[in-house]
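Worksheet: the structure to be examined is printed underneath.
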2 protein chains.
Amino acid sequence: MASIKDVAAAAGVSVATVSRALNGHPSVSADARARVMEAVDALGYRPNAVARSLRTDQTHTLGLVISDVLNPYFTELARSVEEEARALGYSVIIGNADERPELQDHHVRTLLDRRIDGLLVSPTDGGSPLMLDAARAGTPMVFVDRWIPGVDVPVVRADGQTAVRDLVAHLCRLGHRRLAIIAGPAATTTGSERVEAFRAALAEYGLPLPDVYIGQGDFQAESGRRVTEGFLDLPQPPEVVFAADNLMALGALDAVRARGLRVPDDIALAAFDDIPWFVHTDPPVTAIAQPTGELGRAAVRALVDRIEGRTPRSVTLPARLVVRRSCGETHVPSQPPAPPTQSPSPVQRSTS
Amino acid sequence: MASIKDVAAAAGVSVATVSRALNGHPSVSADARARVMEAVDALGYRPNAVARSLRTDQTHTLGLVISDVLNPYFTELARSVEEEARALGYSVIIGNADERPELQDHHVRTLLDRRIDGLLVSPTDGGSPLMLDAARAGTPMVFVDRWIPGVDVPVVRADGQTAVRDLVAHLCRLGHRRLAIIAGPAATTTGSERVEAFRAALAEYGLPLPDVYIGQGDFQAESGRRVTEGFLDLPQPPEVVFAADNLMALGALDAVRARGLRVPDDIALAAFDDIPWFVHTDPPVTAIAQPTGELGRAAVRALVDRIEGRTPRSVTLPARLVVRRSCGETHVPSQPPAPPTQSPSPVQRSTS
DNA sequence: CTGAAAGCGCTTACAG
DNA sequence: CTGAAAGCGCTTACAG
């Protein structure tokens with residue numbers, strides 16, 4: 001590959017002048033600039049980004065460590081992150097943790113070794129020493145979706161509390177009383193927060209959340225299937241299963257179907273995260289939708305602010321309930337049960 | 001960040017010795033090695049991969065340019081690519097072309113600038129000058145899924161011909177006669193090959209594929225919806241729509257539902273690419289499954305062979321038909337219509 | 001077994 | 001406006 005020396009020789013100038021011409025430095029004569037550009041074209045020269053990075057100590061690259069590429073939520077997040085980053089002049093390198101803390105650390109380490117300018121992460125655990133060290137050492141960092149309490153890093157995420165309360169209101173209105181949840185790992189914020197939001201909402205309706213109705217999943221499909229089978233084996237199975245993410249809902253559908261049961265007749269289902277397929281499942285799945293694209297863009301803006309010396313802001317955006325048919329048919333009840341303390345916020349009713 | 005100089009100073013050796021110790025060079029005394037390791041731990045030193053790459057002229061990084069991250073097929077491909085690469089000691093940087101040739105070129109250029117060791121690509125078009133130049137210039141390269149004819153680059157892909165013939169046999173057996181296809185861009189191999197395979201299979205059954213039954217899509221959901229609407233508006237709409245990928249099938253489902261029609265009663269649907277959600281759609285979708293994980297792994301092995309001086313091999317793996325209910329209920333016909341020339345190969349019948 | 005030195009391909013003060 | 005030179009952090013022949 002042609003190097004800057006070859007271009008300099010071909011253009012009859014020094015490498016310094018080539019560098020300046022290519023970087024749009026004003027103090028280059030029109031003549032020199034033209035000769036450089038000509039040589040660049042003739043040689044098909046492309047600057048070596050590795051050399052440039054070593055010299056300037058910046059890579060114009062962001063690292064993004066997502067929890068699971070097979071999860072459409074993270075895939076959509078990754079897409080919006082890349083788009084916004086590109087618009088701001090950054091590339092992004094994606095690492096897939098596959099919900100495994102050690103794989104997450106592998107990617108964080110690799111990314112740090114490559115001297116990425118900043119790190120966007122959705123932690124799969126409560127904070128490994130590596131991640132904590134990086135944050136403390138001042139690596140520009142932003143948490144997205146999931147975060148680690150007690151670490152001084154901006155957080156961009158959705159707040160699902162209101163939407164979860166709306167969901168519980170919807171379920172109660174349909175007459176359900178035995179509600180269960182498939183939780184994510186307790187070490188993740190989304191793993192514990194969604195259970196707590198669910199528990200709090202149930203409490204408003206005077207409903208308990210017994211331990212047997214809290215199934216421990218890992219945000220991947222197989223765990224959703226396993227937990228749902230456990231629920232179905234209970235002497236008194238729940239009437240509703242709320243999956244804390246879309247992949248565990250997929251697993252739940254697998255389990256229900258494998259027993260020859262039907263949603264919602266035999267058991268109702270709802271999910272955190274909305275995805276396009278939920279419109280076409282049998283039945284369409286009631287879900288809590290996050291403003292995924294906006295989260296990705298806000299996270300990039302916060303990280304780039306941090307990198308470029310501005311003050312980054314944490315952002316929390318609301319999630320919202322999308323009612324479909326997987327919890328039973330909705331009909332206007334003569335006497336809607338109002339929660340004791342707060343009335344539910346407006347709910348989007350899907351046209352599907 | 002601590003550099004190799006800091007480590008050398010702390011350990012009381014030269015940077016050369018630190019480098020050798022870290023790279024497991026045999027000619028380093030046990031004593032020196034121990035002092036280096038101690039200094040490394042104390043300083044939390046991590047070698048700068050940028051500097052190392054500049055010096056060694058290798059990045060141990062593979063570039064992967066996929067057509068669309070929102071497509072679960074490519075997402076699964078990306079996952080298997082990353083896994084196999086990691087096992088072989090390589091990182092991978094993913095670029096999402098979003099089915100746009102100019103965005104594909106942007107990523108190829110960025111990846112080349114970063115001096116990745118090799119490039120895995122699933123081209124969104126028939127070959128841009130940039131891609132062609134890179135191949136000709138000797139950049140280690142492998143095409144996966146889609147490829148560019150006339151370029152001397154190994155290809156790893158699935159052959160869907162047999163599966164498409166099985167699909168057509170299945171459709172004929174169900175009594176369908178007016179079959180349509182939502183095609184991908186003609187400039188892509190999968191865009192044109194799938195249409196040709198479909199046309200050839202129909203010919204075996206003496207069935208035509210009129211131009212009005214070939215809808216031009218772009219492999220993304222919206223185009224599937226648009227094309228399907230066009231089909232439904234025809235004076236004589238097709239009885240079956242075969243979507244050339246899973247996202248266009250999603251769009252087709254959207255269109256059918258928007259009209260208040262039902263699959264398969266009003267119109268049947270089949271798709272190229274199988275994804276987990278097809279088991280749970282209403283109705284479950286008959287699809288052609290690719291050995292996606294194996295394709296990703298084989299592509300990485302071919303590329304690494306090429307990079308490390310061995311001779312890479314092209315690989316073609318068979319796809320297979322998975323029958324579900326979206327084309328109508330299957331029942332054993334008294335007189336199965338056999339194709340004139342060849343009998344269909346065994347078909348996997350899904351349990352779902 | 002070890003160190004001094006060159007060099008990978010850039011950028012950028014410094015001097016003219 | 002331009003060039004010579006230093007230096008980013010490594011690796012690796014070369015000499016001892």
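Values for this structure:
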| quantity | calculated |
| --- | --- |
| Hits in the range B:43-64 - residues which are within 12 Å of A:THR110 (Cβ to Cβ) and either near DNA strand C (Cβ under 9 Å from one of its atoms) or in a helix (DSSP H, G or I) (or both) | B:ALA49 |
| Selected residue (criterion: most open to solvent (accessible area, probe 1.4 Å)) from residues of the range A:67-78 that are outside any loop (DSSP other than H, G, I, E, B) and within 11 Å of chain B (Cβ to nearest Cβ) | A:GLU76 |
| Tally, over the range A:109-153, of residues that are among the hydroxyl-bearing types (Ser, Thr, Tyr) and either out of contact with any strand residue (DSSP E or B) (no Cβ under 7 Å at 6 or more places or on another chain) or in contact (Cβ under 8 Å) with a residue 60 or more places away in the chain (or both) | 2 |
| Check on B:VAL300, at pLDDT 95 or above and farther than 22 Å from B:GLU239 by Cα | yes |
| Tally of residues being within 14 Å of chain B (Cβ to nearest Cβ) and more than 8 Å from DNA strand C (Cβ to nearest atom) across the range A:17-32 | 0 |
| Complete set of residues in the range B:1-16 that are open to solvent by 30 Å² or more (accessible area, probe 1.4 Å) and within 8 Å of DNA strand C (Cβ to nearest atom) | B:GLY12, B:VAL13, B:SER14, B:VAL15, B:ALA16 |
| The range B:95-107 - residue that is more than 11 Å from every other protein chain (Cβ to nearest Cβ) and over 13 Å from the mean Cα position of the chain (by Cα) and, of those, nearest to A:ALA97 (Cα to Cα) | B:GLN104 |
| Breaking point among (1) part of a loop (DSSP other than H, G, I, E, B); (2) among the charged types (D, E, K, R); (3) within 11 Å of another protein chain (Cβ to nearest Cβ), for B:ARG146 | (3) |
| Pairs, first without any contact (Cβ under 8 Å) to a residue 24 or more places away in the chain in the range B:26-46, second open to solvent by 80 Å² or more (accessible area, probe 1.4 Å) and within 15 Å of DNA strand C (Cβ to nearest atom), C-beta under 8 Å, six or more apart | B:SER27/B:ARG20; B:VAL28/B:ARG20 |
| Members of the range B:33-42 that are within 16 Å of DNA strand C (Cβ to nearest atom), open to solvent by 30 Å² or more (accessible area, probe 1.4 Å) and either assigned to a loop (DSSP other than H, G, I, E, B) or of a type in the set (Gly, Ala, Ser) (or both) | B:ALA34 |
| Hits in the range A:79-94 - residues which are outside any strand (DSSP E or B) and more than 7 Å from every other protein chain (Cβ to nearest Cβ) | A:SER80, A:VAL81, A:GLU83, A:GLU84, A:ALA85, A:ARG86, A:ALA87, A:LEU88, A:GLY89, A:TYR90 |
| The one condition in (1) within 16 Å of B:GLU82 (Cβ to Cβ); (2) among the acidic types (Asp, Glu); (3) modelled with pLDDT of 95 or more that A:GLU99 fails to fulfil | (3) |
| The one condition in (1) away from DNA strand D (no atom under 16 Å from the Cβ); (2) within 24 Å of B:ALA87 (Cα to Cα); (3) open to solvent by 20 Å² or more (accessible area, probe 1.4 Å) that A:SER122 fails to fulfil | (3) |
| Which numbered condition A:PRO26 fails, given (1) more than 20 Å from B:HIS106 (Cα to Cα); (2) more than 8 Å from DNA strand D (Cβ to nearest atom); (3) modelled with pLDDT under 95; (4) not polar (S, T, N, Q) | (2) |
| Given (1) over 25 Å from B:ALA298 (Cβ atoms); (2) touching a residue at least 12 places away in the same chain (Cβ under 8 Å); (3) within 16 Å of DNA strand D (Cβ to nearest atom), number of the condition B:PRO101 does not satisfy | (3) |
| Matching residues in the range A:156-175 - criterion: being open to solvent by less than 20 Å² (accessible area, probe 1.4 Å) and not small (Gly, Ala, Ser) | A:VAL156, A:VAL164, A:ASP166, A:LEU167, A:VAL168, A:HIS170, A:LEU171, A:CYS172 |
| Test result for A:THR351, under 25 Å from the mean Cα position of the chain (by Cα) and either modelled with pLDDT of 95 or more or of a type outside the set (A, V, I, L, M) (or both) | no |
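The values are calculated or read from the model by the stated rules, or taken from the named source; none is laboratory data. Treat the numbers as computed from the prediction; the structure is a model and nothing was measured. Note that we place each Cβ from the backbone using ideal geometry, even for glycine, and neighbour counts take in every protein chain shown. Note: areas computed on protein heavy atoms with side chains; ligands, DNA, RNA excluded. Shrake-Rupley method; radii C 1.70, N 1.55, O 1.52, S 1.80 Å.
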